[in-house]
Every structure is written in structure tokens, then in C-alpha cells.
Amino acid sequence: MPLDEHKPFHASSVQSLTVLVQREVERRILTGALPAGERLSESALAADMGVSRGPVREAMRGLEQAGLVDIIANKGVVIREIGYDEAVDLYDLRGTLFGFMCETMARRRTDAQCAVLRNKLNAMAAAIRADDTDLYYRLNIQFHAAIVEQCGNSRARAIYDGIVKEMHLFRRRGLSRIENMEASMREHAAIAEAIISGRAEAARKAGVVHLRNGRDRFLATLDPAPESLSTPDQGSADRSTAAAE
């Protein structure tokens, strides 16, 4: 990217550009615009974004650390494909961490935070009555985000966000049936009630159970032992809902 000859060079400008490139490529991966298994061309991405290859190369390293791409010798950068066993491992890890955050929020809750959870529950219930799966999915994410953001542990949040990003590689299928939304809703209510009432251990258990059941709902939609959960197919656009549970 050409430098402005009238503006002094500073390394932070290069770092900022790398961050912007990484965010954009990450967005394309998480939305499915760049599918799992696809090889990424640094030169093509650089041309598409109007930058030099340097920031793109650094962005690829950041995405590798985030678990979204693999950098393979003699092949280049490839968007990761998540295998069945790894998907189960991610669900289990996320469930344990989410349970911890539910417990922590129950101990530190405020009236304002409790009101947020109640509002999300009411909105999700309305979405189920309207049979609006897309709206429920968005509210479901917001419910989880409220707990993650308000638990008060920034390190746990950072680890959790990293896991969720990896799960985007195979997400959005398990809540497509209304009975699954209703089961998910009951679990959300149990989590919220435990947090609001300050029952920390009950909140932890409810969070773990919810993620474990979400895992089972998702795996029930798959073939018994697929080689990869992220190989694009006709249903790939619907694979991310279960991981939002």
C-alpha cells in the first residue's frame, strides 16, 4: 500500500492495517463467504482489499492463532475444516466455560443485568410464538452474549469468544425445528432464574446442561461419523444455530 509522502511513517499505521485486514477476512469466514477448506491467495486478497501483501500475510498469522486457518507448507493458507471429534471437544470446553460464567454472573449480578436477561427471555418467547427461527437465533446469541459480557471475567470471555469463532466453521442447524427452540428456551429460563436468584451452583449446572444438550441437538442432525462438519453442502447455510446455544 503506497505511503502518503506528506505523512510521517509510523509502525502503528501498518499494525492498524493488519488488524483491519484480519477482521475483514475473519468476517468473510464466519459468514460463510469464504467456505471451509478453501485456499486463500494472499495476492488475491491484497488486490481485493487494495493493500500490499505484507498486512495480508500478518493477518493470516493472526487468523492461524485464532484457529480459523491453517498455514501449510507448499500449499499456503487454507480455511480450517472441523472434524467430528474436534467439534465435540469444542462443545464440551465451551460448556464448561459457559457454566463458569453463569456461576460468576450469579455471584456478581446487578438489578440492571437481571433486567436484561428477563427482556431477552420475553423476546425469545415471542419469537417462538411467531415461529420466527431467525429472530430466535439472533436473540439466542444476544442472551449468551449478555452473560459472557456481564460475568466480569475478561480472560474467560476472550477464551470463550475464540471457541465460538471456531464453532462458526460448522454452525447453524440444530435449532431449525420448533421443538428444539422450545427445549432451548426452557434451558435459557433455568439459567436466567438461577442467575437472578443468586443460586451460583445451580446457574453453573444449568449453563453446562444447556451447552451439553445443544451439542446433542446439533450432533443429532449429522451423519453418525462424518469426516468433517464444515464441508459445504446444501445444508451448510443452516449449520450455525446449535453452536449459539
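If you go through the range 65-118 and keep only what is among the aliphatic types (A, V, I, L, M), buried (at least 17 other Cβ atoms within 10 Å of the Cβ) and in contact (Cβ under 8 Å) with a residue 60 or more places away in the chain, you end up with 68, 79, 82, 87, 90, 97, 101, 105, 106, 117. Determine whether the range 167-177 contains at least one residue that is farther than 27 Å from residue 64 by Cβ, over 16 Å from the mean Cα position of the chain (by Cα), outside any helix (DSSP H, G or I) and modelled with pLDDT of 95 or more. No.
Selection of first residues in the range 190-217 that are under 17 Å from residue 160 (Cβ atoms) and of second residues that are at pLDDT below 95 and not in a helix (DSSP H, G or I), restricted to Cβ pairs under 8 Å at least 6 apart or on distinct chains, gives the following pairs, ordered by first then second residue: 210/245; 211/245; 214/174; 214/245.
Looking at the range 39-142, the helices (runs of 4 or more DSSP H) lying wholly inside it that each contain 1 or more residues that are touching a Phe, Trp or Tyr at 6+ places or on another chain (Cβ under 7 Å) sit at 84-108, 111-129. Taking the conditions exactly as written (within 27 Å of residue 182 (Cβ to Cβ), surrounded by 14 or more Cβ atoms within 10 Å (Cβ to Cβ) and not assigned by TED's automatic domain parsing to the domain that holds residue 19), does residue 157 satisfy them or not? No, not satisfied.
Would you confirm, using the coordinates I've provided, whether residue 198 is at pLDDT below 90, outside any helix (DSSP H, G or I) and not charged (D, E, K, R)? Here the answer is no, as residue 198 does not meet what is asked.
Answer yes or no: is there a residue in the range 226-234 that is in contact with a Lys or Arg (Cβ under 8 Å, 6 or more places away or on another chain), under 13 Å from residue 91 (Cβ atoms) and at pLDDT 50 or above. No, the range 226-234 has no match at all.
The values are calculated or read from the model by the stated rules, or taken from the named source; none is laboratory data. Small disclaimer: the values here were computed from a predicted structure and weren't measured. For neighbour counting, all protein chains shown are included, and Cβ atoms are generated from backbone atoms with ideal geometry for every residue, glycine included.
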